[in-house]
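Data block below; observations after.
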Ligand SMILES: NC(=O)C1=CN([C@@H]2O[C@H](COP(=O)(O)OP(=O)(O)OC[C@H]3O[C@@H](n4cnc5c(N)ncnc54)[C@H](OP(=O)(O)O)[C@@H]3O)[C@@H](O)[C@H]2O)C=CC1
Ligand SMILES: CCCCCCCCCCCCCCCC(=O)[C@@H](N)CO
């Protein structure tokens with residue numbers, strides 16, 4: 001008995017020792033740095049750009065629609081904290097020609113210096129039942145959400161995924177894999193790198209997907225931006241928003257790295273508990289899908305009778 005306890009303590013101390021080099025050293029100070037935000041002309045990307053500007057960064061906004069970019073540039077400029085700060089805009093489709101993207105990023109580096117932090121936030125979403133989603137959608141979501149975040153460069157890189165990138169969800173057969181891929185990329189890249197359109201989606205969204213998505217409390221993009229920027233400059237690998245996001249991240253951490261001792265300890269301690277909570281969530285998702293199916297069949301039968 002004593003031996004087992006001793007073995008546990010030794011293993012634990014060893015674990016802490018092994019984790020210590022993973023703990024990121026000093027946080028990045030955003031003041032004066034160059035932050036590139038792809039997908040920066042709307043939603044979360046725009047809020048992240050504003051948050052970084054408020055902390056003194058120089059910003060390059062990347063998206064397709066030029067007029068939206070110009071408009072958002074003005075909004076970001078309002079968040080300035082000194083007179084030197086600059087916002088650049090680049091209109092390019094990140095899902096298309098990689099060389100073109102590379103060349104525009106080169107241009108912005110010539111103007112604002114090397115990129116200190118790259119925030120990958122371009123993305124679109126589409127939901128529908130598997131057999132009703134055109135194959136072309138699978139390709140286009142993969143191109144924007146996944147390939148649109150593949151840029152080879154140095155510095156801090158942030159990938160904006162989704163809860164649907166941690167778990168597979170009804171209606172997200174095209175979207176979810178593109179976000180899972182992003183997670184795989186981040187996890188592989190982390191090992192290599194030596195770092196010391198919601199409206200469109202809602203048009204087709206199945207009732208099941210809507211009900212399941214509503215389980216996760218909506219968060220304002222400004223709040224998301226605050227949290228992710230704070231965590232990213234600290235060098236954290238897994239960044240989540242809200243209590244369900246926290247639980248999901250702990251639950252799906254797998255072999256992803258830890259960036260603080262307390263993060264690792266929390267995962268170890270909470271894993272079993274969160275798995276229990278997750279089973280209840282799964283049960284409720286299942287009952288949503290079943291209820292929708294029954295309701296559809298009933299209304300079909302009623303239509304026939306008429
Ligand atoms: N909103 C949500 O509920 C959630 C969002 N997410 C993820 O967060 C990210 C941002 O979402 P959100 O703020 O809602 O998105 P928005 O639709 O508000 O903004 C998307 C941004 O990406 C740009 N963009 C889209 N396609 C391309 C492209 N091919 N090339 C270049 N830029 C492109 C858009 O500009 P333009 O169209 O002009 O190119 C826009 O600036 C996405 O990756 C999304 O999957 C994750 C979980 C929840
Ligand atoms: C311990 C376990 C906790 C489990 C919590 C589960 C919460 C599930 C709800 C997930 C909703 C995700 C919708 C994503 C939509 C999206 O990514 C957007 N692009 C939509 O436009």
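The values are calculated or read from the model by the stated rules, or taken from the named source; none is laboratory data. Note that this is a predicted model, so its numbers are computed, not measured. Here Cβ is always computed from backbone atoms with ideal geometry, including for glycine, and neighbour counts include all displayed protein chains.
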Reported set for region 41-50 where residues are closer than 10 Å to residue 121 by Cα and more than 6 Å from ligand 1 (Cβ to nearest atom) is 46, 48
Among the residues of region 115-144, what is the count of those that are within 13 Å of ligand 2 (Cβ to nearest atom), in contact with a helix residue (DSSP H, G or I) (Cβ under 6 Å, 6 or more places away or on another chain) and more than 21 Å from residue 229 (Cβ to Cβ)? 6
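Does any residue of region 179-189 turn out to be under 21 Å from residue 46 (Cα atoms) and within 10 Å of ligand 2 (Cβ to nearest atom)?
Step one: filter region 179-189 for residues under 21 Å from residue 46 (Cα atoms), giving 179, 182.
Those still in the list that are within 10 Å of ligand 2 (Cβ to nearest atom) too: 179.
There is at least one residue in region 179-189 that is under 21 Å from residue 46 (Cα atoms) and within 10 Å of ligand 2 (Cβ to nearest atom).
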Residues of region 112-154 satisfying the condition of being within 18 Å of residue 101 (Cβ to Cβ), part of a loop (DSSP other than H, G, I, E, B) and either in contact with a strand residue (DSSP E or B) (Cβ under 8 Å, 6 or more places away or on another chain) or within 12 Å of ligand 1 (Cβ to nearest atom) (or both): 114, 115, 121, 122, 123, 124, 151, 153
Take residues that are at pLDDT 90 or above and more than 15 Å from residue 163 (Cβ to Cβ) and tell me which of the helices (runs of 4 or more DSSP H) falling wholly in region 199-262 contain 3 or more. 221-233
Exactly one of these conditions fails for residue 194: (1) over 26 Å from residue 277 (Cβ atoms); (2) at pLDDT 90 or above. Give me its number. (2)
From the option list 181, 186, 174, single residue qualifying as in contact with a strand residue (DSSP E or B) (Cβ under 6 Å, 6 or more places away or on another chain), away from ligand 1 (no atom under 11 Å from the Cβ) and under 25 Å from residue 251 (Cα atoms) is 186
Quick one: in region 155-171, which of the residues that are assigned to a loop (DSSP other than H, G, I, E, B) and within 8 Å of ligand 1 (Cβ to nearest atom) is nearest to residue 99 (Cα to Cα)? 160
